[in-house]
Structures are given as structure tokens and as C-alpha cells.
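The structure appears below as C-alpha cells.
The values are calculated or read from the model by the stated rules, or taken from the named source; none is laboratory data. In this text, all values refer to a predicted model and were calculated from it rather than measured experimentally. Reconstructed Cβ throughout: ideal geometry from the backbone, glycine too, with neighbour counts over all protein chains shown.
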Amino acid sequence: MERDPKMLNLKKTIAATMFLAAVLIGQTASSAVQVTGRQIYILYPGLDSIWGSYLFMVQNTGSQPERFSFPVMLPAEMIDFQGQDILGPGELKLGPDGGLTIDKVFEPGDNLLNIGFKLPASMGKGPITLKATTPFDSIGLFVLEGLFTVSGDNLEMKKDVDFSGRRYDTYTLTNGELGKTYKFEVQGIPEGRGRLWIIGWIFGGAMLLISFALAWFSRPKLPQGGDDQL
């Protein structure tokens, strides 16, 4: 009995489609590496500065190590950074736009990463601007209890939270959207000499103006009719 060529071609097409689908499913499963939805920023006060640690988890649900490259959600105001723990040389890269990118092979399971950073502050205040490089369930801003405060839209504040054996005030933002920018302000940062310099410049400028005014009003005046007396 002869086989219908059309049926053979159809069977071949179905088989090829099933094989391609299996390959794609296998690639999806093997590349299941992602940044998890909960991220934490621990903030410490410095003189006219904020020191911080950015903690987040990268999860590899596959059975083999997988390379994963992604931008890091650090504050736009960052003036210094330091990769810690499992980040090796060359795995944390500074981009031309000033942002950081991690390019690393991640082992199966959960991989905790920690990046230290420094932010500028002035007059007891410091801004924090975060642009979501990935959707997130929540980000938490942790500050040592009572040291300073954080303000921003839609923040949920809790006091006296235990974290790794220390007590923190926490400020949590939920349901972050990819690409959206979030702005916060830290208040109550210890001040260095910045305010003194500003006060000094203001005082110096005022004294200079007073000196000019005194010199102008106390200048010698010619007697009236002086030309007739010559």
C-alpha cells in the first residue's frame, strides 16, 4: 500500500514542530535565572553622607550554572560603590551612563548578593533616586532605629524591626513597575562643615556689603560753593 506524500509531509511537519517546541522549553527551563522580587537597602549615617548596603537575591531554578547579565538598581546619586561577598573581579561593571551591571555565572539555587555604596548629603538631608531595572514585589529601606528618617510616596513605616540581631526602622514600597523612577529623602543626617561654610560665606558677604555702605556714606564731602571760594 502506497503512502500518501501529503500525509508524510504533514507528519514530518508535526514532528519538527514538536522537536522545536521541546528545544525551546528546554532553553526556557535552563535559563530560568532572575532577580527575586524582594530587595533591601540598609542605610547608615555618615558626616554629610549616607553609607548603604544593597541586598538582593538572584535565583537559578535550573540544574546547571547559568550566566546572567543585568543592570543593578542602585541610587542614581551614588558616588562610590564596592561589590562584596560572592562578586568577583570584573563581575560588577560600571556602564557609560554611570549605572552598574552584573555579569556573572550563578549556581543553581538562591544566590545572595551585597553591594556597598555611598551617597552625598547636605544640610542634614540626602536624596535617593531609584529607577526600577526589574519589577519588584517590595523594596525595604532599613535604618538603625531612631538615627534618621526617610520620606517618600507610598512608604509603609514600621519601628523596632529585628534584622540580623539589630533593631531597625523600616520603610517599605511595594508593587514596583519596570522602568519607573522612585524618589525618597533621608533626613537627620549628621552634618560636617558644610553648614558652617555656608554661614561663613553669608556672614562674609554681609560684612562686605556693610563695609561698602559705610565707606560710601562716610566719604568726605566738598563744601558747597567751593568753586567760588577758589
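Hey, can you tell me all the residues within the stretch 47-84 that are assigned to a loop (DSSP other than H, G, I, E, B) and among the hydroxyl-bearing types (Ser, Thr, Tyr)? So that I can check it myself, show each step before the final result.
In the first step, residues of the stretch 47-84 are kept if they are assigned to a loop (DSSP other than H, G, I, E, B); the result is 47-48, 61-65, 72-79.
Selection gives Thr61, Ser63.
Looking only at the stretch 103-151, count every residue that is hydrophobic (A, V, I, L, M, F, W, C) and over 14 Å from the mean Cα position of the chain (by Cα) and tell me the total. Here the count works out to 11.
Which one is farthest from Ala76 (Cα to Cα), of the residues in the stretch 164-175 that are surrounded by fewer than 14 Cβ atoms within 10 Å (Cβ to Cβ) and of a type outside the set (Lys, Arg)? Give the steps one after another, and end with the answer.
Initially, the stretch 164-175 is screened for residues surrounded by fewer than 14 Cβ atoms within 10 Å (Cβ to Cβ), giving 164-167, 175.
Among the residues that remain, those that are also of a type outside the set (Lys, Arg) are: 164-165, 175.
Values: Ser164: 27, Gly165: 30, Asn175: 20 Å.
Filtering first and then ranking leaves Gly165.
Against the conditions (1) modelled with pLDDT of 60 or more; (2) assigned to a loop (DSSP other than H, G, I, E, B), Asp169 satisfies every one except (2). Modelled with pLDDT of 90 or more and under 26 Å from the mean Cα position of the chain (by Cα), is that true of Thr61? Answer is no for this residue. Within the stretch 179-193, residues that are aliphatic (A, V, I, L, M) reach partners that are not in a loop (DSSP other than H, G, I, E, B) with beta carbons closer than 6 Å, at six or more positions or on different chains, in the pairs Val186/Ile50; Val186/Gly126; Val186/Val150; Ile189/Pro45; Ile189/Gly126. Is there any pair linking a residue in the stretch 50-64 that is free of Cβ contacts under 8 Å to residues at least 60 places away in the same chain to one that is surrounded by fewer than 21 Cβ atoms within 10 Å (Cβ to Cβ) and aromatic (Phe, Trp, Tyr), with Cβ under 7 Å and at least six apart or on different chains, and which? Within 7 Å, the pairs are Val58/Phe68; Val58/Phe106; Asn60/Phe106. Take the residues of the stretch 80-114 that are modelled with pLDDT of 90 or more and of a type in the set (Val, Ile, Thr): which is surrounded by the most Cβ atoms within 10 Å (Cβ to Cβ)? The residue in question is Ile102.
When the stretch 88-101 is filtered for residues that are more than 18 Å from Lys118 (Cα to Cα) and either touching a residue at least 24 places away in the same chain (Cβ under 8 Å) or of a type outside the set (Asp, Glu) (or both), the ones remaining, listed by number, are Gly88, Pro89, Gly90, Pro96. Report whether or not Leu178 is in contact with a Phe, Trp or Tyr (Cβ under 8 Å, 6 or more places away or on another chain), surrounded by fewer than 18 Cβ atoms within 10 Å (Cβ to Cβ) and either within 15 Å of Gly52 (Cβ to Cβ) or not charged (D, E, K, R) (or both). It is false that Leu178 is in contact with a Phe, Trp or Tyr (Cβ under 8 Å, 6 or more places away or on another chain), surrounded by fewer than 18 Cβ atoms within 10 Å (Cβ to Cβ) and either within 15 Å of Gly52 (Cβ to Cβ) or not charged (D, E, K, R) (or both).
Filter the stretch 115-142 for residues that are surrounded by 21 or more Cβ atoms within 10 Å (Cβ to Cβ) and part of a strand (DSSP E or B) and give the result. Give the steps one after another, and end with the answer.
Residues of the stretch 115-142 surrounded by 21 or more Cβ atoms within 10 Å (Cβ to Cβ): 115, 117, 119, 121, 126, 128, 130, 136, 139-142.
Residues satisfying the conditions are Ile115, Phe117, Leu119, Gly126, Ile128, Leu130, Phe136, Ile139, Gly140, Leu141, Phe142.
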